[in-house]
Amino acid sequence: MANFNTHLGVAAVASGMLATLCLQVGFVDAKDALLLAFMGVVGGILPDIDLHYSHPSRILFSLLGIALAFLWVFSAKNQLSVVELWGAGLGIYLLVRFPLWALFNRFTVHRGAIHSIATALLFFLATAAISYHLFARPAFISWFIALFIFAGFMLHLLLDEIYSVDFMGHRLKRSFGTALKFIDADEPWTIGVIALACLFCWYFSPDASQFVDTLTSKETYQLILQRMLPH
């Protein structure tokens, strides 16, 4: 499979390019474009959240803690004092970095249920719901944040699958098929858990009509083509 630096670098480049596109066609402003790029990077290393007590795992949970802390601080900036914002942000970071990290290391297996398309869908729905309800982001932006998490997650799975093919030796490595799978058949109990979690997150997800209309609109792609190349 691809190493941590490869996942991080590819996710950074891809999410940066996609965030720039969203900015240039007017989907988001500059602040949200930076947030989208950052969330794409987080999504790009998110499938390795189940790595056990490794350097990449600690970096990933640090990034998640920072992302959640900043999302909360930005959403509550007009309600609390600066000291309260600093304290709450630090508390969120520490909660994610240590207790949540230890919990995942205790109950997950690398390349198990977390490393699947079904889990990518779960993170997609959960991100939209959390961004909208917990961090008070608009529904349209919340779905874009979720989309970048999902895209980064899927890019990670695809890279791992590509690295499972030995093109020079014309053979498949033993890891082939363990990355880009819909669900982990070796853990059948997780199918029901992930399905129920997806339904739960979908129920609490914000209205997606504007987001869907934007992505399916012919005018959207005409605008993208107009802004893609110099005139």
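Throughout, read-outs are computed from the coordinates displayed, never taken from laboratory work. None of the values given here were measured: they were computed from a predicted structure. Here Cβ is always computed from backbone atoms with ideal geometry, including for glycine, and neighbour counts include all displayed protein chains.
Side notes on the structure shown:
- Cβ-derived FRET efficiency at R0 25 Å, K31 paired with L103, nearest 0.05: 0.20
- Stretch gain in nm, segment V193-Q79, where the contour uses 0.36 nm per residue and the Cα spacing is subtracted: 37.4 nm
- Simple spin-label estimate for R227 and I162 gives 2.6 nm between the two label positions (7 Å along the Cα-to-Cβ direction from each Cα).
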